[in-house]
Amino acid sequence: MQRRQFMVSSLAAAAVTAAGKAEAAPALKFGHRQANMVNDPGPAVFDLAKQIHGLSAVELQVFFKGTTLWDRDTLNSYQRAAARTGLVTPSIAGIWPPGASLLQPAAEEHLRKAIQAASALGSTTILAACFEQNCPRMDEEQSYGPVVALLQKVSGAAQDAGVTIGMETSNSPADDRKLIDFVNRPGIRVYYDLDNVERYAHTNQAVAGIELLGSRIRQVHLKNENRLLEEPGRVEWAAAVKGLAAIHYGGWLFFETSHSGPQQCVEATEKNIAFVTRNFTA
């Protein structure tokens, strides 16, 4: 009897442990950036995305080849397509009009309009890109100070709209962390693009940056130019995905890969989804 009780107790404990592990593992959520899926703007991007098994979202561009989500009819057409296909738009990108940037005086207006567009779409993340000469230098207060003040200023409107602004920069992960900590607002986080980290000469910092940034990461871009993630590139993607799993990352994973055509987009993205899933749960 004691042996039986011991075995039952052991099995129950194992079941609880397994359940705990299952609960701890976040569900993977995959989307794809609009501008890397299609050549032309319009709601047809949702029809293509619907063909990709495992994909459930599209990241729309505020400005894309002569169209803008500032236009209500354009925005509504995307909303209808999302509803028709059962897909979602958790984030928007491409928020700067041609020639505009984070460091220009009109940046506040553009951020506020992006917040409005995100709110109308039901998106909860805005990608605010700033690269090279348009990126604040974190070793110069005169460079980063105005950006910190700007982000603090718009963070209230973002929070009221249920939106987080994700900063995608050409800085190192350490400097991204510094920027987020200086702003010190829950609605301002990092949109982490590991390939960009390496491309902008922060060699071998992309994977290590995952742990360094931790909960400051709002969303993640996955890309390896026109190659599959499992193929050689600037980032060791198997290690990167394991790094995301290690911090219990539960946000969206958006592909920003290049494609030669619609069918190749479908096939490559399904392979990339399988690769990420396999390594995340390993």
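Read-outs: derived from the displayed coordinates by stated rules, not from any lab. Computed from a predicted model, the values in this text were never measured in an experiment. For neighbour counting, all protein chains shown are included, and Cβ atoms are generated from backbone atoms with ideal geometry for every residue, glycine included.
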**Request:** Could you order peptides 260-267, 221-228, 94-101, 163-170 by the average number of other Cβ atoms within 10 Å of their residues, highest first?
**Result:** 163-170, 221-228, 94-101, 260-267
**Request:** Largest first and to the nearest Å, give the Cα extent of region 27-280 along each principal axis.
**Result:** 48, 43, 30
**Fill in**
With +1 on the Cβ of every Lys and Arg and -1 on the Cβ of every Asp and Glu, the dipole magnitude of region 185-282 about its Cα centre, in debye rounded to the nearest 20, is 400 debye
**Request:** Could you work out the per residue convex hull volume over the alpha carbons of region 167-214, in cubic angstrom?
**Result:** 57 Å³
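Give me the mean projected area, in nm² to one decimal, of the convex hull enclosing the Cα positions of region 151-282.
Mean projected area of the Cα convex hull: 8.3 nm².
Report the gain in length on full extension from Asp71 to Ser215: 0.36 nm times residue separation, minus Cα-Cα distance, nm rounded to one decimal.
48.4 nm
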**Request:** For the chain, give the share of DSSP beta bridges that are antiparallel, in percent and rounded to the nearest 5; count only bridges with both residues there.
**Result:** 5 percent
**Request:** Can you pull the one-decimal nm distance between simple spin-label points at Thr277 and Ile247, each 7 Å off the Cα toward Cβ?
**Result:** 2.4 nm
**Options His259, Thr203, Ala118, ranked by Cα towards positive dipole end of the chain, top entry (Cβ charges)** = Ala118
**Request:** Name the lysines eligible as straight-distance cross-link partners of Lys153: C-alpha to C-alpha under 29 Å, and not fewer than 8 places from it in the same chain.
**Result:** Lys113, Lys178
**Complete:** Taking the square root of 5λ for each eigenvalue of the C-alpha gyration tensor of region 184-246, the equivalent ellipsoid has semi-axes, largest first and in whole angstrom, of 21, 12, 11
**Asked** How large is the charge dipole for region 27-280, taken about the Cα centre, if only the Cβ atoms of Lys, Arg (+1) and Asp, Glu (-1) carry charge, to the nearest 20 debye?
**Response** 600 debye
**Item:** Estimated FRET transfer efficiency when R0 is 25 angstrom, pair Gln142-Ala174 (beta carbons, to 0.05)
**Value:** 0.80
**Request:** For every other residue with a beta carbon closer than 10 angstrom to the beta carbon of Pro43, add +1 if it is Lys or Arg and -1 if Asp or Glu, then tell me the sum.
**Result:** +1
**Request:** For every other residue with a beta carbon closer than 14 angstrom to the beta carbon of Glu140, add +1 if it is Lys or Arg and -1 if Asp or Glu, then tell me the sum.
**Result:** -1
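Using per-residue counts of other Cβ atoms within 10 Å, averaged over each peptide, order 77-88, 53-64 from highest down.
The packing order, highest mean first, is 53-64, 77-88.
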**Fill in**
Neighbours of Val163 by Cβ distance under 13 Å: Lys/Arg at +1, Asp/Glu at -1, summed charge +4
**Prompt:** Using the eigenvalues of the Cα gyration tensor, what equivalent ellipsoid semi-axes result for region 35-160 when each is taken as the square root of five times the eigenvalue, whole Å, largest first?
**Reply:** 29, 15, 13
**region 27-280 - percent relative contact order, Cα under 8 Å, separation 6 or more** = 19 percent
